[in-house]
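Worksheet: one structure, shown below.
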Amino acid sequence: MFVSDFRKEFYELVHSQRVLLFVASDVDALCACKILQALFQCDHVQYTLVPVSGWQELETAFLEHKEQFRYFILINCGANVDLLDILQPDEDSVFFVCDTHRPVNVVNVYNDTQIKLLIKQEDDLEVPAYDDIFRDEAEDEDLSGSESDDGSEPSEKRTRLEEEIAARTTKRRQRREWEARRRDILFDYEQYEYYGTSSAMVMFDLAWMMSKDLNDMLWWAIVGLTDQWVHDKITQMKYVTDVGILQRHVSRHNHRNEAEENMLSVDCTRISFEYDLRLALYQHWSLHESLYNTSYTAARFKLWSVHGQKRLQEFLADMGLPLKQVKQKFQSMDVSLKENLREMIEESANKFGMKDMRVQTFSIHFGFKHKFLASDVVFATMSLMESPEKDGSGTDHFIQALDSLSRSNLDKLYLGLELAKKHLQATQQTIASCLCTNLVTSQGPFLYCSLMEGTPDVALFSKPASLSLLSRHLLKSFVYSTKNRRCKLLPLVMAAPLSIEQGTVTVVGIPPETDSSDRKNFFGRAFEKAAESTSSRTLHNHFDLSVIELKAEDRSKFLDALVSLLS
């Protein structure tokens, strides 16, 4: 069931209990977790934190801990499947689910005792009515056929029996009609996968309602929202609306007059709203590298071609920026150039057909030296979490990424920024090689691209979030490079090697790249049906239904089934 009063029905319930936190491996979940941890520390709530990257880990961790806890909190996992069916918990276990995955499973919505959904009701959820999908068991029991013989006339008996048979037949027909209607309603409801309000924003809302919101918590909420925008999980309209909500909080928390401004301590935290450039990590990199490795500019300039590189030189010449300045670190550029840089870049970008070069975002200052944009922190945290280094387990990477969000661990954040630069370079190099060697092919109803074993940085792209980001950026670039109009409107299925020993690949499905795209993804259900109809050996382990693991030998029959299903 949906929780209407988060404070009374959630926080005050767990306040005096020991709780178990299951947190998914994405930046928004980490930010929501940080806010909740800060609240728990304020009120001395005892909790255990367990990072989970998929359903298998969630099941294993639950079995391990279920005896010691009664209250479980799930962040960014658990809403889009029947949770009680998967975990088989005791009857007194209670699950609080704060998840951005939509649609929410109907069993979770209508379970009043064990499943409590921490989900904003303003999101347009369109949950089917209870009577359309659930029936009372008693109704389904056939009318009792063994009527007692009370000595009535045979003709009366026969009439009564005929009426009974007619009534039963009518009931059966109604039941069949109801079941067919239920199937249609559920198919329409569950057909597309999409995302709701950021979990970090939901948790910040809770902190604000309890008057315990701090500037740090507000920053984490901003990073959670920016993570959704960076990964194209929400529409531009939704992003702008949520930015507006957070902007009011930023004004409230960071409002200071002149006298206070001069009395600030050196390491004070300041958050400000910015209308900044859409360039990845440019304040921690050189402008040239950032233009080269941002998907927005790389796709529009077509930087994988010689002609595209010439266009970039023309763009820089149009701005009147010397190459020497552009290629050195942004921090070392002439102050006179940096002052009007945003306006200069926006003006030239408009001439080159890039109308939305600047975007609404937020930045944070730690004292006078350290300044980060929200997108910088998203890239850094994601790179730490999906680091291809073999030296640590997934949990170590998770803890390191979680630590990098605290201002006391700026060294970890800077390490994440360096990893993110390599990550972005690897992404653009892979896109260039895919487009130059025509690896993206049209299968009819969708485009398909497969990374070969031995491709540089292939280990990086076996991770779900990295592969999804690569696929989205590849699709954007492909749309700008192809002359085929029909191909511009197609979705993309991408595969990357996962494990050579087990012979498995990670497959991800990305919705079409159009301006009016509502970011709804139909591949989750399509993958399930294709695997079912061909008995392909797949593992639907990821919280995003559009990411699966597949045996490499079954790939061709799986793709054939997908083609016939979507044609």
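The values are calculated or read from the model by the stated rules, or taken from the named source; none is laboratory data. This structure is a prediction, so every number in the text was calculated from the model and none was measured. Using ideal geometry, Cβ is built from the backbone for each residue, glycine included, and neighbour counts are taken over all protein chains shown. Ligands, DNA and RNA are excluded from the accessible area calculation, which covers all protein heavy atoms including side chains. Shrake-Rupley method; radii C 1.70, N 1.55, O 1.52, S 1.80 Å.
Per residue, the solvent-accessible area of the chain (1.4 Å probe, heavy atoms of protein chains only, all protein chains present) comes to 47 Å².
Computed over protein heavy atoms with a 1.4 angstrom probe, the accessible surface ordering of 537, 311, largest first, is 537, 311.
If the Kirkwood radius is taken over C-alpha pairs of region 215-426, then at 20 °C and 1.002 mPa s the Stokes-Einstein diffusion coefficient equals 116 µm²/s.
Legend: residues 560, 276, sorted from most to least accessible area (1.4 Å probe; ligands, DNA and RNA excluded), read 560, 276.
Explain nothing, just the number: relative contact order of the chain, from Cα pairs under 8 Å at least 6 residues apart, as a whole percent. Walk me through the intermediate numbers first.
On the way: 842 pairs, mean separation 71.2, N = 567.
Across the chain, relative contact order equals 13 percent.
Magnitude of the charge dipole for the chain, about its Cα centre and with charges confined to Cβ atoms of Lys, Arg (+1) and Asp, Glu (-1), is about 3120 debye.
Solvent-accessible surface (1.4 Å probe) assigned to residue 181 amounts to roughly 120 Å².
Taking loop as defined by DSSP and a crowding limit of 13 other beta carbons within 10 Å, which GluC sites (Glu not before Pro) in region 497-542 fit?
Working: sites: 501, 513, 528, 532; in loops: 501, 513.
Listed in order of number, the matching sites are 501.
Applying the Karplus relation 6.51 cos²θ - 1.76 cosθ + 1.60 with θ = phi - 60° to region 64-76 yields 3J(HN,Hα) values of 5, 10, 5, 5, 8, 10, 10, 10, 10, 10, 10, 10, 6 Hz, where x marks Gly and Pro.
Suppose only helical runs count, i.e. DSSP H with n ≥ 4. What mean residue ellipticity at 222 nm does that imply for the chain under -39500 (n - 2.57) per run, divided by all residues and rounded to the nearest 500 deg cm²/dmol?
Result for the chain: -15000 deg cm²/dmol, rounded to the nearest 500.
Backbone geometry of region 520-527 corresponds, through the Karplus equation with coefficients 6.51, -1.76 and 1.60 at θ = phi - 60°, to 3J(HN,Hα) couplings of 8, 10, 9, 6, x, 5, 4, 4 Hz, x marking Gly and Pro.
For region 306-444, the convex hull spanned by the alpha carbon atoms encloses 189 Å³ per residue.
Of interest is the spacing of the C-alpha centroids, which for region 464-482 and region 66-101 amounts to 34 Å. With θ taken as phi - 60° and the Karplus curve 6.51 cos²θ - 1.76 cosθ + 1.60 applied, the whole-hertz 3J(HN,Hα) list for region 333-343 is 5, 4, 4, 4, 6, 5, 4, 10, 4, 4, 5 Hz, x standing for glycine and proline. Applying D = kT/(6 pi eta Rh) to region 450-498, where Rh is the Kirkwood radius over alpha-carbon pairs, T corresponds to 25 °C and eta to 0.890 mPa s, the Stokes-Einstein value obtained is 210 µm²/s. What nm distance separates the two modelled labels at residue 183 and residue 553, each placed 7 Å from Cα along Cα→Cβ? A separation of 3.3 nm, rounded to one decimal place.
Which peptide among 233-240, 61-68 comes first, and what is the full order, when sorted by highest mean count of other Cβ atoms within 10 Å?
Numbers: 233-240: 16.9, 61-68: 13.5.
My ranking of the peptides, most packed first, is 233-240, 61-68.
When the accessible area of the chain is split by element with a 1.4 Å probe, what percent falls to carbon and sulfur? Walk me through the numbers before you get to the answer.
On the way: 13060 of 26410 Å².
It is 49 percent, rounded to a whole number.
Taking 0.36 nm per residue of separation and subtracting the Cα-Cα distance, full extension of the segment from residue 209 to residue 70 would add 47.5 nm. From the coordinates of this entry, log10 I(q)/I(0) by the Debye sum over Cα atoms at q = 0.06, 0.07, 0.09 Å⁻¹ is computed, and it appears in (i) -0.44, -0.58, -0.87; (ii) -0.44, -0.57, -0.80; (iii) -0.36, -0.47, -0.74 under the label (iii). Close amide H pairs (under 5 Å, H built 1.01 Å from N) link residue 2 with 117, residues at least 5 positions away or on another chain.
Percent of Cα-Cα pairs more than 19 Å apart in region 438-566, please.
Details: 3702 of 8256 pairs.
It works out to 45 percent of all Cα pairs.
Cα centroid separation, region 331-354 to region 1-32: 44 Å. Take the cross-link list 310/463; 371/422; 171/520; 422/529 and give me the ones stretching past 31 Å between alpha-carbons. With Cα atoms farther than 31 Å apart: 310/463; 171/520; 422/529.
For residue 540, the shell of other residues with beta-carbons less than 9 Å away shows a net charge of -2, using +1 for Lys and Arg and -1 for Asp and Glu. Protection proxy ranking of 292-303, 428-439, by the mean of other Cβ atoms within 10 Å over each peptide's residues and highest first, is 292-303, 428-439.
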